[in-house]
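One structure below.
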Amino acid sequence: MTNPMYCGKILIKAYKDEEACLVEATHESLISESLFNLSSL
(Lines give C-alpha, C1' and ligand atoms only; values in the text may rest on other atoms or scores of the structure.)
Protein backbone atom coordinates (compact mmCIF):
# COMPACT_ATOMS: atom_id res chain seq x y z
CA MET A 1 0.00 0.00 0.00
CA THR A 2 2.03 2.90 -1.24
CA ASN A 3 -0.80 5.14 -2.42
CA PRO A 4 -1.36 7.96 0.10
CA MET A 5 -5.04 8.12 -0.90
CA TYR A 6 -5.60 5.03 1.28
CA CYS A 7 -4.87 7.09 4.40
CA GLY A 8 -6.82 10.19 3.33
CA LYS A 9 -4.01 12.17 1.70
CA ILE A 10 -3.52 13.42 -1.86
CA LEU A 11 -0.08 13.91 -3.39
CA ILE A 12 0.38 17.26 -5.10
CA LYS A 13 3.28 16.82 -7.51
CA ALA A 14 6.12 19.32 -7.75
CA TYR A 15 5.47 22.17 -10.18
CA LYS A 16 8.07 24.64 -11.40
CA ASP A 17 9.89 25.91 -8.26
CA GLU A 18 7.39 24.46 -5.75
CA GLU A 19 8.03 21.20 -3.91
CA ALA A 20 5.68 18.21 -3.89
CA CYS A 21 3.47 17.88 -0.81
CA LEU A 22 0.73 15.77 0.74
CA VAL A 23 -2.57 17.44 1.61
CA GLU A 24 -5.62 16.24 3.54
CA ALA A 25 -8.32 14.83 1.28
CA THR A 26 -12.06 15.23 1.73
CA HIS A 27 -12.72 11.50 1.42
CA GLU A 28 -12.68 9.13 4.38
CA SER A 29 -9.45 7.19 4.78
CA LEU A 30 -9.45 3.41 4.41
CA ILE A 31 -6.52 2.87 6.80
CA SER A 32 -4.95 4.95 9.56
CA GLU A 33 -1.99 7.17 8.80
CA SER A 34 0.17 5.22 11.29
CA LEU A 35 -0.62 1.94 9.50
CA PHE A 36 0.17 3.58 6.16
CA ASN A 37 3.52 4.80 7.51
CA LEU A 38 4.36 1.29 8.72
CA SER A 39 3.59 -0.24 5.34
CA SER A 40 5.89 2.20 3.52
CA LEU A 41 9.02 1.20 5.49
task: Per DSSP H run of at least 4 residues, take -39500 (n - 2.57); add these up for the chain, divide by its residues and hand me the 222 nm value, nearest 500 deg cm²/dmol.
output: -4500 deg cm²/dmol
- prompt: Roughly speaking, to the nearest percent, how much of the chain's 1.4 Å accessible area is carbon and sulfur?
  reply: 57 percent
message: About the Cα centre, and with charges only on the beta carbon of Lys, Arg (+1) and Asp, Glu (-1), how big is the dipole of the chain? Nearest 20 debye, please.
response: 140 debye
- request: Have a look at ILE12, LEU35, MET1 and report the one farthest towards the positive end of the charge dipole of the chain, computed about the Cα centre with Cβ charges (Lys/Arg +1, Asp/Glu -1).
  value: MET1
- prompt: How much net charge surrounds CYS7 when only the other residues with a Cβ under 14 Å from the Cβ of CYS7 are counted, with Lys and Arg +1 and Asp and Glu -1?
  reply: -2
- request: Please work out the average accessible area per residue across the chain, using the 1.4 Å probe convention, and give it in Å².
  value: 88 Å²
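The values are calculated or read from the model by the stated rules, or taken from the named source; none is laboratory data. This one's a predicted model, so the numbers in the text were calculated from it and none came from an experiment. Cβ atoms come from the backbone with ideal geometry, glycine included; neighbour counts cover every protein chain shown. Heavy atoms of the whole protein, side chains included, go into the accessibility calculation; ligands, DNA and RNA do not. Shrake-Rupley method; radii C 1.70, N 1.55, O 1.52, S 1.80 Å.
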